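Scroll down for the structure; my scribbles are underneath it.
Each value in this text was obtained by applying a stated rule to the coordinates, not by laboratory testing. All of these numbers come straight from a predicted model, not from anything done at the bench. Quick reminder, even Gly has a Cβ in these numbers, built from the backbone with ideal geometry, and neighbours come from all protein chains shown.
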Amino acid sequence: MPAAPRSARRIVMLGVAALTVVSSLAVLPGAQAGSRGRAQAPIRPARAATPDLIRRAEATGDIGTVQAARYLLWAFTAPNRVPSDYRSSAPWDGTLPLLRLQRSAANLGRGAAARAVRAGVHRLTTLPCRGAAGPLPARRSTRHFYVEYAPASLRGISIGGYSGALETTWRTEVGAFGWAAPPRDPQLKVPGGRYLVRLENLGPQLYGYVTSTHKVGNNPHTAWNDRDAVASCMVLNQNFGPFPGTPKNAMRATVAHEFNHSLQFGYGALSGPTKVKASWVEGGATWMEDEVFDVSNDNYNYLWPDVRKPMPLFDPSFPYPYWVVFRAMTEPFGGSGRALGGQRVFRAFWEQLSRNASTNSVAFNRAFKTVGSSLASAYHDAGIALRFLIPCGGSTAEPYCLEEGAAYALAGSDNVDHGSVPAGTKSFKLANDFATQWIGLPSAPVSPYTVTVHVTAGVGRLRVSLACLSSGTLTVLAVGTATPTSDASLGSYDPVAQGCDEVTAVVSNVKMTSPSPVIKTGTSYQIGLS
């Protein structure tokens, strides 16, 4: 259920110094100061899209590897041929599924079925960019793009709408933000070396995709030798009418999202040795939608992420919802949609990958250091902000407010406590590698109590804060960090004196077991009240 709107917020951060900011403005979801979110909740899609159902069936052994590859190929080229058990109405982005399909097709064996799949994958990934997937009668050249399309097939959006969104995206991501432009494919016969985009009939579920076309090695638009940069082309749906939200907003969000994949390929990050995790690839591209087209809010259709899942291993079959965690982590560093805003963190992240200097969690930590923070700090602060969804607007302090916090709540958030400790001691378990739990504590005890967090098993590093919500006032108190060798403890906590309506212990496991963990590990701990 969507959280109730919150008004008259105040933040107090207690530590060496105290900061108090009082809010006197009532906040309305979708209309609060500082929020440009739409006021109407979107239609939330089904969780599992067709590629996810196919992948799960392969993982359980219901279908073989070759059959799974064939079905995934059909999902791109002939979706009605996919058996109904593996066909979903949920919309999806095709870039990562197509990349996985390319990689699996190369290892399917030598049988006739495997050869047929490989031939189909070759046609899908190579020929569209060379115009052999079917003639498209019209061309539109802009400053940076060369768009091929069929005028009679466009539905609801003109070619001017597509080309305008593409140019706005380039001006924002490359021009204003300073990301490296994608390298051109010397084998493509595109006038002026423009980036090739095709508008095709992709059916009612597939937004679009980017496919690699040629390994160029060094991207000339970076100041270093990438060694594994890849040129690409983009395919967009010619009809966004069936998708959630308005066709215009869905198209704009898709353009910003897919072009970010083009940049990722250009940095070499999707095909090189860094092996970046899906949470950063797709969660990051979904995060970029807000940076370019803030009012589109198509990514509201992908709320809410389970923050108890570790960041590098967050649901690789459905990583899109993680964008709002990235939003909460980066927004305090200059806001969104600004050259000197939070986008600097993600640009630094992809540059780390492009240089092959580090990967995943280590690269993200180094990226936060460029703005004077750390991955652990930004992640824990985001966990507090996501629990309460307090909108910013001149009277609520970062990092515990969100520009569109009330709109996120309206869209359907799951920001509720994951457990509670009404008295005594209770045990919990939390994944390592950046995962968060929200644990409710008593707000009206007989007397003040001491809170102790004790690690009972595992290697976790648990960062703990108490958040007290009192008549629109949020007080955040740092408890400390619990490890296998030391407890985090806070004595004489008096929620009655503070007038707390609710108290939540925000526990963030900021232990990095590996820059790129392959399996989820966990840490057991206890919260005790005395």
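Annotations for the structure displayed:
- Positive-end residue of Ala113, Ile519, Pro391, charge dipole of the chain with Cβ unit charges: Ala113
- Ranked by the mean number of other Cβ atoms within 10 Å per residue, highest first, peptides 271-278, 518-525 order as 271-278, 518-525.
- Degrees separating the helix 50-59 axis from the principal Cα axis of the chain, which is the longest one: 80 degrees
- Cross-link table Lys215/Lys275; Lys309/Lys429; Lys429/Lys520; Lys189/Lys215; Lys369/Lys429, entries beyond 19 Å C-alpha to C-alpha: Lys369/Lys429
- The chain, helix-only ellipticity at 222 nm - DSSP H runs n ≥ 4, -39,500 (n - 2.57), divided by all residues, nearest 500: -9000 deg cm²/dmol
- The stretch 134-272 shape via C-alpha gyration tensor axes, a/c threshold 1.5: prolate
- Here the Karplus curve 6.51 cos²θ - 1.76 cosθ + 1.60, taken at θ = phi - 60°, turns the phi angles of the stretch 283-297 into couplings of x, x, 5, 5, 4, 5, 3, 5, 5, 9, 10, 4, 7, 5, 6 Hz, with x standing for Gly and Pro.
- Taking other residues whose beta carbon is less than 11 angstrom from the beta carbon of Thr481, and scoring Lys, Arg as +1 and Asp, Glu as -1, yields +2.
- Two-site FRET efficiency, Gln187 against Ala457, from Cβ-Cβ distance with R₀ of 41 Å, rounded to 0.05: 0.15
- Computed over neighbours whose Cβ is under 14 Å from that of Pro83, the net charge equals +1, Lys and Arg +1, Asp and Glu -1.
- Applying a DSSP loop filter and a limit of 16 other Cβ atoms within 10 Å to the trypsin sites (Lys or Arg not before Pro) in the stretch 153-204 leaves Lys189, Arg194.
- Karplus-based coupling profile of the stretch 195-212, in residue order and whole Hz: 7, 7, 10, 10, 9, 9, 7, 9, x, x, 10, 8, 5, x, 6, 10, 10, 6, with θ = phi - 60° in 6.51 cos²θ - 1.76 cosθ + 1.60 and x standing for Gly or Pro.
- Karplus (6.51, -1.76, 1.60) ³J(HN,Hα), θ = phi - 60°, over the stretch 96-108, in Hz, Gly and Pro reported as x: 5, x, 5, 5, 5, 5, 4, 5, 6, 4, 6, 10, 8
- Counting only DSSP beta bridges whose two residues both lie in the chain, roughly 75 percent are antiparallel.
- Proximal charge balance of Ala339 [Cβ under 12 Å; K/R count +1, D/E count -1]: +2
- For the stretch 42-125: rounded, prolate or oblate by the Cα gyration tensor [a/c cutoff 1.5]: prolate
- Rounded FRET efficiency, nearest 0.05, which uses the C-beta distance separating Leu340 from Thr450 and R0 of 45 Å: 0.55
- Counted residue by residue at 0.36 nm each, then reduced by the alpha carbon distance between them, the extension gain from Ser516 to Asp417 reaches 32.8 nm.
- Global geometry of the stretch 287-350, whether rounded, prolate or oblate, following the gyration tensor of its Cα atoms and the 1.5 cut on a/c: oblate
- Separation of alpha-carbon centers, the stretch 197-265 and the stretch 406-428, rounded to whole Å: 37 Å
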